[in-house]
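Some notes on the structure that comes next.
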Amino acid sequence: MEVLRKVFRLQSFRPKQLEAICAAMDGRDVFVLFPTGSGKSLTFQIPAVLQTNGVTIVVGPLISLIRDQVDALLKIGVDVVKLGGEQSDRDSQEMSARERLWSADKPRLVYLTPEQLRVPPTKRLLQSLYDRGQLMRFVIDEAHCITDWGRRFRDSYPELADIRKQYPKTPISALTATANAEVERDILCRLDMPNCAQFRLSFNRKNLYYEVRPKRQKKCIEEIAQDIIQHFPGQTGIIYCLSRTSCEDVAKVLREDYGLQAKHYHAKMDNRDRERVQREWSDGKFHIIVATVAFGMGIDKGDVRFVIHYSVPQSLAAYYQETGRAGRDGNPAQCILYYTFNDVRTRIDMIRKEDKSDDEKRWQEDDLWTVARYCMNDVRCRRQQVLAHFGEKFDPAHCNQLCDNCRDTRPTIRVDHSDDAISALRLFESLARLCKRNSGLTKSQLVSALRGSKQKALIDKGFSTDSLYGILKALPQATVERLVDEMLVEGFLGSAQVQVGEYNQTYLKVCVSTQLNC
Ligand code: ADP
Ligand code: MG
Ligand code: ZN
C-alpha cells in the first residue's frame, strides 16, 4: 500500500492486482490475463520496486510500448533502464545501462526486446546476474506473442521458450490481454510454468449495449444521423469507417445535411491536422469523430457514449478493442455495427490485393469470416459470442438484455437447411457449366435462380430448364440470401473477381463439390 501510494501515487488496488503481487513476492510463476487497461503492469512493477536485492527483466514486443512504460516509470522516480531500441542514442545510453547492471548500483527494472536476449553482451550480463542470485524475475509482457498466434505481431518471440532452461531458478510472470484456452495452454507450456499462480478478470464490459443492424447502403448515413439526433444529442461518439474517403464523406454528410458536429480522422491526413482533430475531440470542442482504425491508440476519453461501425471490423478482437473505447466512465454506452455482406467482400478483395504472405492473407480472411458469422448470428447473446473469442464462458443470463439478441423476445425456431444448401450447390454447379468462359454466376443470380426468377437474362441463358431451377422458391428472398452468405462464410462456395470491361465482377465458384460426399 505504501509503494502504491508513495511511488505510484494511486489510492487503492484494482481487482486481483494485490493477489497477483503477493504471488510474485512469494517467488511464484504468475500468469495474468486481464483486459487492456486494467493494470497488469503494476503486478510486476510493485514487486520489482520492493525486492531490492536483484533486478526484474521485462521483455516487451514493441519498442514504442517499452519506451512509454520506461518514461512513465522514470517520471515517478523508479530506477529503470532499457536495452536495445533506437539507433541514434543507442551507444552512449546503452553503455551506461550495461555499466549500471554490472555495477553495485543496479536499477530495479530492465526493459528489453526479445532480440536483446540473443545479443552476446546481454546474455553474459544476465548469466552473471543469475549466477549471483540477482535475477529476481522475468516478465513476458504481451505473452500471447510467444505462440503462433502472435505470428502477426512479430516472429522473434518463440525463442523466449528457452528462458526456463537457461535460468531455471528465476520465476516468470506472463501477462496478456489476448488469450483463449489454446493460447493460454501454449504460453504456459512453452514457458514451462505448469504450477503458476493464475489471475483472470472477466473481459465483459457490463455497461455496453451491443447491436448489429442491417446496412442499407443509401439509407445508412441517414439512419445514423437520426439515431444520433434522437438518442445522443450533443454527446461524444466514434464512427469507424473502412476507408479514408468514406470517413470524409460520412463526416461531411453528417455536418452539412444534419448539422452534426462531425470531423474525419485517418492516417493519410498530415500529422498536425490529425493531432489537432484528436485534441479537439478529446477536449470536447466537437463531438463525433469519423475515423479509420488508425484512430484509437492511447485514447482515454471516458464519456464516449456510442461507437458505430459503419463497416465491418477486421476481426472480433479488433471489434472488442474498438467498441471498448465506449463507456470508459462506467456509464451506459452503445455499440452499433452496420452489417452487409458486401463490406465483407470489399475487405476480402482488399486483403487479396495487399502485399503480404499467403498465410497472412488466409488468417486475415478467417478473421473476417468470424466477424461475418457473428453478424449473421441473430440468436446467440453478442457478449457470449465476443467473449468466447477470448476463451471466456459467458452466461447470457448476465447480459441483462444489453444486446439485440437477448432483447429479441421472439421464440427461436430451429430449421435444418442442409438439404437446401446441397440443392443450391447442385444447381450452382450445373448452371456454372452453362456459363461462357471468363464469365460466371454472381451471388444475386444464384439467389434469383434458386427462387425461380423470371428475369429475362437468366431465362435467355437457358438456366430455367434445369430441374433444380426455383427449388427454393418457397423460402423468402432474405433466407435464400443468407443461406448463400453462410455457404460463402463456411467455405462451401468461394468467389473470384474477374475484370469485365472496366469493372470487376465477382463470380461465385465451388469450393466443396457436391460430387464428393453429399
Ligand atoms: P494493462 O497493461 O493491463 O493494459 P496498465 O498496466 O498499462 O494496463 O495500466 C493502465 C492504466 O491504469 C495506467 O494508466 C495505470 O496507471 C492505471 N492503473 C493501474 N492500476 C491502477 C490502480 N490500482 N488505480 C488506479 N489506476 C491504476
Ligand atoms: Mg500492458
Ligand atoms: Zn446478450
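Are any residues in the range 3-18 part of a helix (DSSP H, G or I) and either more than 16 Å from ligand 2 (Cβ to nearest atom) or over 32 Å from the mean Cα position of the chain (by Cα) (or both), and if so, which ones?
Let us first name the residues in the range 3-18 that are part of a helix (DSSP H, G or I), namely 3-7, 17-18.
If the condition is that a residue be part of a helix (DSSP H, G or I) and either more than 16 Å from ligand 2 (Cβ to nearest atom) or over 32 Å from the mean Cα position of the chain (by Cα) (or both), then Val3, Leu4, Arg5, Lys6, Val7, Leu18 are the ones that fit.
Applying the selection to the range 255-291, what residues are at pLDDT below 95 and either among the polar types (S, T, N, Q) or not assigned by TED's automatic domain parsing to the domain that holds Tyr240 (or both)?
Selection gives Asn271, Gln278, Ser282.
Within the range 212-239, can you find the residues that are more than 22 Å from Ala262 (Cα to Cα) and either surrounded by 15 or more Cβ atoms within 10 Å (Cβ to Cβ) or not assigned by TED's automatic domain parsing to the domain that holds Val344 (or both)? Reasoning before the result, please.
If we filter the range 212-239 for residues that are more than 22 Å from Ala262 (Cα to Cα), which is where we start, we get 212, 214.
Val212, the sole residue that qualifies.
Where the second residue is in a strand (DSSP E or B) and of a type in the set (Phe, Trp, Tyr) and the first is closer than 16 Å to Tyr209 by Cα and lies in the range 298-316, which pairs have Cβ atoms under 6 Å and are six or more apart or on separate chains?
Cβ pairs passing all conditions: His309/Tyr240.
In the range 135-163, which residues are surrounded by 15 or more Cβ atoms within 10 Å (Cβ to Cβ) and modelled with pLDDT of 85 or more?
Once the filter is applied, which keeps residues that are surrounded by 15 or more Cβ atoms within 10 Å (Cβ to Cβ) and modelled with pLDDT of 85 or more, the range 135-163 yields Leu135, Met136, Arg137, Phe138, Val139, Ile140, Asp141, Glu142, Ala143, Ile163.
Between a first residue in the range 481-499 that is more than 14 Å from Trp369 (Cα to Cα) and a second residue that is of a type in the set (A, V, I, L, M) and assigned to a loop (DSSP other than H, G, I, E, B), which pairs have beta carbons less than 9 Å apart while being 6 or more apart in sequence or on different chains?
Leu483/Leu472; Leu483/Leu475
Please count how many residues of the range 25-42 are under 24 Å from Tyr320 (Cα atoms) and assigned to a helix (DSSP H, G or I).
Step one: filter the range 25-42 for residues under 24 Å from Tyr320 (Cα atoms), giving 31-42.
Right, trim to assigned to a helix (DSSP H, G or I) and you get 42.
Within the range 25-42, residues that are under 24 Å from Tyr320 (Cα atoms) and assigned to a helix (DSSP H, G or I) number 1.
Do you know which of the residues in the range 54-66 that are within 13 Å of ligand 2 (Cβ to nearest atom) and in a helix (DSSP H, G or I) is nearest to Phe138 (Cα to Cα)?
Among them, the one singled out is Ile66.
Consider the range 258-280. How many of its residues are more than 15 Å from Ile228 (Cβ to Cβ) and out of contact with any helix residue (DSSP H, G or I) (no Cβ under 6 Å at 6 or more places or on another chain)?
Step one: of the range 258-280, the residues more than 15 Å from Ile228 (Cβ to Cβ) are 264-280.
Keeping just the survivors that are out of contact with any helix residue (DSSP H, G or I) (no Cβ under 6 Å at 6 or more places or on another chain) gives 267, 269-280.
Number satisfying all stated conditions: 13.
Mind listing just one residue for me: the one in the range 1-44 that is of a type in the set (Phe, Trp, Tyr) and more than 6 Å from ligand 1 (Cβ to nearest atom) and, of those, surrounded by the fewest Cβ atoms within 10 Å (Cβ to Cβ)?
Per the criteria, the residue is Phe8.
Tell me which residues, restricted to the range 394-407, are part of a helix (DSSP H, G or I), surrounded by 10 or more Cβ atoms within 10 Å (Cβ to Cβ) and either without any contact (Cβ under 8 Å) to a residue 24 or more places away in the chain or of a type in the set (Phe, Trp, Tyr) (or both). Give the steps one after another, and end with the answer.
Filtering the range 394-407 for residues part of a helix (DSSP H, G or I) gives 396-399, 404-407.
Next, from what is left, pick out any that are surrounded by 10 or more Cβ atoms within 10 Å (Cβ to Cβ): 396, 398-399, 404-407.
Pro396, Cys399, Arg407 - these are the residues of the range 394-407 that are part of a helix (DSSP H, G or I), surrounded by 10 or more Cβ atoms within 10 Å (Cβ to Cβ) and either without any contact (Cβ under 8 Å) to a residue 24 or more places away in the chain or of a type in the set (Phe, Trp, Tyr) (or both).
Considering only the range 164-183, state which residues are surrounded by fewer than 21 Cβ atoms within 10 Å (Cβ to Cβ), at pLDDT below 85 and in contact with a Ser or Thr (Cβ under 9 Å, 6 or more places away or on another chain).
Residue satisfying the conditions is Glu182 alone.
Table: residues versus (1) free of Cβ contacts under 8 Å to residues at least 40 places away in the same chain; (2) closer than 15 Å to Tyr469 by Cα; (3) in a helix (DSSP H, G or I).
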{"residue": "Val379", "(1), (2), (3)": "yes, no, no"}
{"residue": "Glu392", "(1), (2), (3)": "no, no, no"}
{"residue": "Thr409", "(1), (2), (3)": "yes, no, no"}
{"residue": "Ile413", "(1), (2), (3)": "yes, no, no"}
{"residue": "Asp420", "(1), (2), (3)": "no, yes, yes"}
{"residue": "Leu441", "(1), (2), (3)": "no, yes, no"}
{"residue": "Leu446", "(1), (2), (3)": "no, yes, yes"}
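The values are calculated or read from the model by the stated rules, or taken from the named source; none is laboratory data. These figures come from a predicted structure and were not determined experimentally. Note that we place each Cβ from the backbone using ideal geometry, even for glycine, and neighbour counts take in every protein chain shown.
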